[in-house]
Structure formats: C-alpha cells, structure tokens
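Chemist: Have a look at this one.
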Ligand SMILES: NC(=O)c1ccc[n+]([C@@H]2O[C@H](COP(=O)([O-])OP(=O)(O)OC[C@H]3O[C@@H](n4cnc5c(N)ncnc54)[C@H](O)[C@@H]3O)[C@@H](O)[C@H]2O)c1
C-alpha cells in the first residue's frame with residue numbers, strides 16, 4: 001500500500017511510519033517540522049517538508065504517487081498552549097485539516113485514518129469511558145479534534161470518504177529507534193525520565209488530593225507500538241466499516257504515584273519530586289473502555305503494561321542521551 005503519513009517527524013507518526021515500512025508499505029511523510037525533527041523520520045520513508053494545508057503540493061503528492069490511505073497525525077497538541085492561543089489550534093488542527101481533505105478530494109483519495117484524543121470527552125461522567133460517552137471538550141485542543149471528527153461524518157456522507165478515527169488516551173513508550181523527543185515536553189513519563197537522567201532538577205506533581213486511592217491522577221497509558229498496530233489493522237478495516245471511531249487505551253489506569261515509583265525502579269534513581277497544586281481542568285481519572293477496538297479490529301495491546309512502557313522509554317532515553 002502507499003500511505004501518506006502527516007506528522008511523521010513527530011512521536012506517534014514516526015513509529016507508525018516505521019511499522020508500515022517494516023510490513024512493506026511505501027511511506028511518504030509530510031511534516032512542516034514545527035515540533036517534529038527531520039531525524040525522527042524513518043530512513044526508508046520519503047520525506048517532504050511541507051504544511052498539510054498546502055493544497056497544491058499535497059494534491060500533487062497524492063495523485064503522482066497514487067496514495068491509497070492518508071494517516072493524519074500532524075497537529076498541535078498541547079492542552080495548556082491551546083488555552084492561551086486557541087487561534088493556533090483552530091488554524092492548525094481545523095483549517096489545515098480542511099485543506100488536507102480538499103487535496104484528498106482533488107486527488108481522488110478518500111481513505112483517512114485520523115488521530116483524535118480522549119480530550120474530546122471533557123470531564124468524564126462515567127469510567128471507563130466508552131465511545132458513546134458524551135463529547136464536551138473543555139479546551140480548544142479537544143474541540144479542534146472534535147470539530148474534525150464531526151466534519152468527517154459529512155465528508156463520508158457527501159463525498160464517500162471512508163475513515164477511522166482513533167481517540168488516543170495517553171500515548172507512551174518507545175521502540176528501539178523512535179520515542180518521545182520534543183523540545184517542549186509536558187508529558188508525565190518523559191518528564192520523569194529527564195529528571196532521572198539529571199536533565200531536570202525536580203519534577204512537579206500536580207495535586208495529590210484527588211479522590212483516588214493514592215490521591216494522584218489516574219491515566220490510561222497505551223504503548224505507541226500498540227497504537228501503531230491499531231492503525232495497521234484499520235487499513236483493511238476501512239473496507240468493511242466506512243466510518244468508525246475507537247478509543248485506544250487499555251481499560252486500566254495507573255496513578256501518577258505508580259508511574260513515579262515505576263520510573264524510580266526502572267532507572268534505579270531517586271527522584272526529586274515536589275508536590276504542587278492541581279492544574280485547572282485535570283480530571284482525577286481518565287480510563288478508556290477499549291472493548292470496541294478489541295472486538296471490531298481484533299486489536300489487543302501487547303506492550304502496554306506500565307513496566308514495559310517505562311522500560312522501553314528508559315532504553316530509548318539512555319540511547320539518545322547526549
Ligand atoms: N501523544 C499523545 O499522548 C496523544 C494523545 C492523544 C492524541 N494525540 C494526537 O496524535 C497525533 C500525534 O501526536 P504526537 O504526540 O506524535 O505529536 P508530535 O507533536 O510529536 O507530532 C506532531 C507532528 O506534526 C507536525 N505538524 C504539526 N502541524 C503540522 C502542519 N500543519 N503541517 C505539517 N506538519 C505539522 C509536527 O512538526 C510534528 O512532527 C496528534 O494529532 C495528537 O493530537 C496524541
């Protein structure tokens with residue numbers, strides 16, 4: 001298959017591109033390197049530095065290479081940044097994605113796998129969160145993804161688009177060559193690993209007074225290789241189900257305290273942890289029901305045990321420690 005991977009110089013896109021190449025697909029990565037890095041693009045992928053909103057170039061790429069499926073990872077995805085600069089999120093995640101869809105239509109390519117997020121649900125009203133849980137995002141990032149989800153339904157109806165939407169919970173972990181390596185890091189596990197490696201002096205835990213067994217937030221961590229596997233399964237599934245939405249999580253949460261303890265154990269380092277106050281809008285518990293993806297895609301997370309996640313990320317950080 002010929003797959004166009006947007007955002008393939010970023011974390012998840014680079015791992016999916018790597019796995020597509022391993023199974024023999026032709027991969028074209030489009031990335032504007034706004035947060036991604038050229039070095040993250042797998043060697044055997046063709047790389048085009050360009051914005052997903054560049055209709056002319058993307059149309060030509062899709063048409064000239066007879067691309068079968070677009071996997072759209074490119075986005076801005078920092079919740080806090082979206083609160084202070086919503087325009088950037090609507091421009092990058094909504095306006096640019098509409099341009100990408102326009103290019104797909106112009107080139108006659110109508111198969112899309114779209115990266116969405118648990119942030120579309122907002123404050124959970126029940127746990128685990130099923131795909132039927134009401135969507136009520138509480139930040140512009142989540143809303144920007146939900147807007148595209150809703151638009152895709154109409155693209156399916158009017159233009160015959162076939163699409164799979166994945167709502168990732170907390171992507172984590174690494175493969176041998178690809179992992180989280182951002183200049184601005186906000187995710188729990190890489191921040192803890194950076195602290196263990198001495199690149200940060202302290203780690204601040206946001207709140208330990210939640211209504212959870214140890215008082216810290218609980219999140220559902222899903223290994224990036226398991227996310228990649230779901231995307232690969234979705235390619236064939238597009239032919240069976242023209243429009244589908246799946247959570248990607250494990251159904252099991254880990255508390256921040258449990259993650260901290262696991263990082264200490266795996267790294268063999270003691271960490272300087274400071275406890276700060278809660279962050280506005282952080283729900284106590286976010287755990288997915290992943291039953292639908294298991295049933296319909298035959299997907300079964302293989303690497304998402306917390307120890308496996310932390311060990312793989314630690315190995316990646318040790319190898320890439322400068
Ligand atoms: N990491 C997570 O835990 C998580 C959770 C839920 C959803 N997601 C979604 O998954 C996708 C990938 O996330 P990630 O963590 O790999 O992010 P990332 O920031 O590591 O990668 C995003 C990539 O997209 C590129 N990009 C951004 N805007 C672009 C544009 N307009 N044109 C071309 N390239 C552009 C960036 O340069 C970067 O390489 C995003 O859509 C994100 O919203 C991620």
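Chemist: Sequence gap at least 6, Cα distance under 8 Å: using those rules, report the relative contact order of the chain to the nearest whole percent.
Modeler: 18 percent
Chemist: Still on this structure: Rounded to the nearest 10 degrees, what's the angle between the helix 55-64 long axis and the longest principal axis of the chain, both from Cα atoms, 0 to 90?
Modeler: The angle comes out at about 70 degrees.
Chemist: Same structure again: Using the basic label-point model (7 angstrom from Cα toward the beta carbon), what is the residue 280 to residue 98 distance in nanometres?
Modeler: Calculated label separation equals 2.8 nm.
Chemist: Give, in nm to one decimal, the length gained when the segment between residue 130 and residue 57 is fully stretched (0.36 nm per residue of separation minus the Cα-Cα distance).
Modeler: 22.5 nm
Chemist: Let me know the Rg and Dmax you get for the chain when you use only its Cα atoms, in Å.
Modeler: 18.9, 57
Chemist: P(r) for region 144-247, please, calculated from all Cα pair distances in 5 Å bins and given in %.
Modeler: 2, 9, 14, 15, 16, 14, 12, 8, 6, 3, 0
Chemist: Continuing with this model, one more query. Relative to the first principal axis of the alpha-carbon coordinates of the chain, what is the inclination of helix 96-107, with its axis defined by its Cα atoms, in degrees from 0 to 90 and to the nearest 10?
Modeler: Value to nearest ten degrees: 30.
Chemist: How high is the FRET efficiency from residue 209 to residue 123, r the C-beta distance, R0 25 Å, rounded to 0.05?
Modeler: 0.90
Chemist: To the nearest µm²/s, what D does Stokes-Einstein give for region 237-279 at 20 °C and 1.002 mPa s, using the Kirkwood radius over alpha carbon pairs as Rh?
Modeler: In µm²/s, the coefficient rounds to 150.
Chemist: Something else: With N set to the residue count of region 143-186, report its C-alpha Rg divided by 2.2 N^0.38 Å to two decimal places.
Modeler: The value comes to 1.68.
Chemist: What are the radius of gyration and Dmax of region 40-114, computed over its Cα atoms and given in Å?
Modeler: Over region 40-114's Cα set, Rg and Dmax evaluate to 13.5, 40 Å.
Chemist: FRET efficiency for residue 302 and residue 269, Cβ-Cβ distance as r, R0 = 41 Å, nearest 0.05?
Modeler: It comes to 0.90.
Chemist: Next up: Based on the Cα coordinates of region 159-315, what is the per residue volume of their convex hull in Å³?
Modeler: Cα convex hull per residue, to the nearest whole number: 137 Å³.
Chemist: Using only Cα atoms, figure out Rg for region 7-68 and give it as a multiple of 2.2 N^0.38 Å.
Modeler: Relative to the rule-of-thumb radius for its length, region 7-68 sits at 1.06.
Chemist: Now for a separate question. Roughly what percent of Cα-Cα pairs across region 224-322 reach past 20 Å?
Modeler: Across region 224-322, Cα pairs with separations above 20 Å total 54 percent.
Chemist: Please compute the Kirkwood hydrodynamic radius of region 23-164 from all pairs of different C-alpha atoms, in Å with one decimal.
Modeler: Roughly 16.2 Å, rounded to one decimal.
Laboratory data are not the source of any read-out in this text; all were calculated from the coordinates shown. These numbers were taken from a predicted model, which means no experiment stands behind them. In this analysis, Cβ positions are derived from the backbone assuming ideal geometry, glycine residues included, and neighbour counts consider all displayed protein chains.
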